[in-house]
Amino acid sequence: SRHMYLEYYGLREAPFSITPDPRYVFLSERHRDALAHLLYGVGKGGSGGFVQLTGEVGTGKTTLSRLLLEQLPENTQVALLLNPRLSPVEMIETVCEELKLDIAGKHGSLKGLTDALNSYLLDAYAQGLRVVLIVDEAQNLSLDALEQIRLLTNLETPTQKLLQIILLGQPELRDMLNRPELRQLAQRITARYHLTPLDAAEAEAYVKHRMAVAGCQHVPFSRLGMRALFQRSGGIPRLINVIADRALMAGYAREQQSIGERLVDRSADETLPGHARYWVRRYARWVLAALVLLVAAYFALRPAPPEPAVAEVAAIPAAAPSMPTDAGIDRLEARLAAPPETELSTLTQLLSRWQIGSAEVSVRAATRCQALVAPGIFCLRGRATLEQVLRFDRPLILVFGTAENPMHVLLQGAGKQEVHVDLGGEAIKLPRAALSRYWAGDFIAIWRVPAAISGPLRKGDAGAGVAWAKQNLSRLDGGANAEAGPAYFDAELEERVRKLQLAYGIQADGIIGPETLFALSALEETGPHLTRNIE
């Protein structure tokens, strides 16, 4: 029946197979963020620590790990641990086997296996190789196995860790790592990300993408059918695949070119194990509401009992409940009520952070924010989410308020709960959850690059600017830098630029324009960076 529904809906192949296929990869914003965290952890931010990626079943963790494997440089050796339900000795033995080590005579010996692994890592380091261990379903690791994995990060030279470890797991992994006995391991996690399901718009785009790859010219799901598909799957890609595949077969069986809400609901009821029939859940709230109305009507219509005699007392006014206030929000709203002129002072602060003096750039010139403000100094006006601007790890200006009454603040740092900004020399702490009330996403960035760069770099270019780009890219992906080859923008460098753009949520055109220049600048240790150790 599947083959016949393919022909019926004009498909070359089944669009909703649950087996990973690179052609069908759909990266939502949160998937791009997760991939960026993995690349950051393995590249710039790893330093031999742990990288943690968690998410509900079916949200795309395995797909992201495969994308990561495709983007790792050629000088990377990978050990993939798919079955974590092992003893510490069995786990180290599996790692050695994955790396194709000769462990004859060492089976069952934790010391012998660890010595062999350490020797291999030292030899790989001497050859310029990077070794990465990826543990899938890491929530199934025992405490002893987790502790043994932590001990593997002690394999090091005087200057560098020898093994990078990536933990992939379900949300239970986060709870495990919060246990007091695992605090040493938790402190070594240098990058972490929790992958959430797709929202309604992303779920619709996901369905259309897979249908288009499979050759469909017209998506058969109606608007209501698409909405039901999102509601019944909860935005989890794997469940979308399961329900959509069954709905297409049901639509073919009923000769329906358009697949609506009822057909999707019926398909979900047939395919989702343990789910109550949808109409029960859907109409239960109406039944409950009717019962509440009946009870309310009964009490409203029954005769009221006589009121008992009571002594008259003076009415005591109820004390008004105290409303907790946030000093940062109060101060910000007071300034927004009559926005001061903040653009020049905030630009001056940002220029000062980059040690750009008036001899190089005047503040007035900076307000025009041309792409090239002065030799070696770029400016960018853009719009992004908080996570996107934090990914650049550089102080920049956030434009609060409205277009008629803007207020410019300098982003200084961010933590899990708070964002720290500077408003006219006044430090303000804002809850991350409240930021969207004042900031729509507009930002201004100014940064330094080599003076040799005066515009976009693309395939075919050569020179010092290309050498700088290759050197910075090597900090992220471990690939060849300018010293390892000619400073020429070839097809290989173009592909590396695309991967950088994908990791930072930039249009992956392979051209080093202003946004990509800013991302490359973010890879450098020099220059100002955001404060991140904020609780």
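The values are calculated or read from the model by the stated rules, or taken from the named source; none is laboratory data. What you see is a predicted model; the values in this text were computed from it and never measured. Glycine gets a Cβ as well: all are built from the backbone with ideal geometry, and neighbour counts include every protein chain shown.
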(Q) Residue pairs, Cβ under 8 Å, 6 or more apart or interchain, first in the range 143-165 and among the small types (G, A, S), second assigned to a helix (DSSP H, G or I). List them. (A) A145/P88; A145/M91
Q) Do we find a residue being touching a Cys at 6+ places or on another chain (Cβ under 9 Å), farther than 30 Å from R192 by Cα and among the aliphatic types (A, V, I, L, M) anywhere in the range 364-371? A) yes
Q. Only one residue in R183, R192, R179, R174 is surrounded by fewer than 16 Cβ atoms within 10 Å (Cβ to Cβ) and in contact with a His (Cβ under 9 Å, 6 or more places away or on another chain), so which one is that?
A. R174
Q. If we keep just the residues of the range 151-160 that are in contact with a strand residue (DSSP E or B) (Cβ under 8 Å, 6 or more places away or on another chain) and not hydroxyl-bearing (S, T, Y), which is farthest from E90 (Cα to Cα)?
A. L155
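Conditions tested, residue by residue: (1) assigned to a helix (DSSP H, G or I); (2) of a type in the set (D, E); (3) closer than 28 Å to L82 by Cα; (4) within 25 Å of the chain's Cα centre (by Cα).
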| site | (1), (2), (3), (4) |
| --- | --- |
| L185 | yes, no, yes, yes |
| A205 | yes, no, no, yes |
| H218 | no, no, no, no |
| G225 | yes, no, no, no |
| F230 | yes, no, no, yes |
| L239 | yes, no, yes, yes |
| S267 | yes, no, no, no |
Q. What about L224, is it surrounded by fewer than 16 Cβ atoms within 10 Å (Cβ to Cβ) and modelled with pLDDT of 90 or more?
A. yes
(Q) When you check S352 against the structure, is it closer than 19 Å to L332 by Cβ and either out of contact with any strand residue (DSSP E or B) (no Cβ under 7 Å at 6 or more places or on another chain) or crowded, with 19+ Cβ neighbours inside 10 Å (or both), yes or no? (A) no
(Q) I'm trying to understand the selection: among the residues of the range 203-243, which are farther than 21 Å from G60 by Cα and aromatic (F, W, Y)? (A) F221
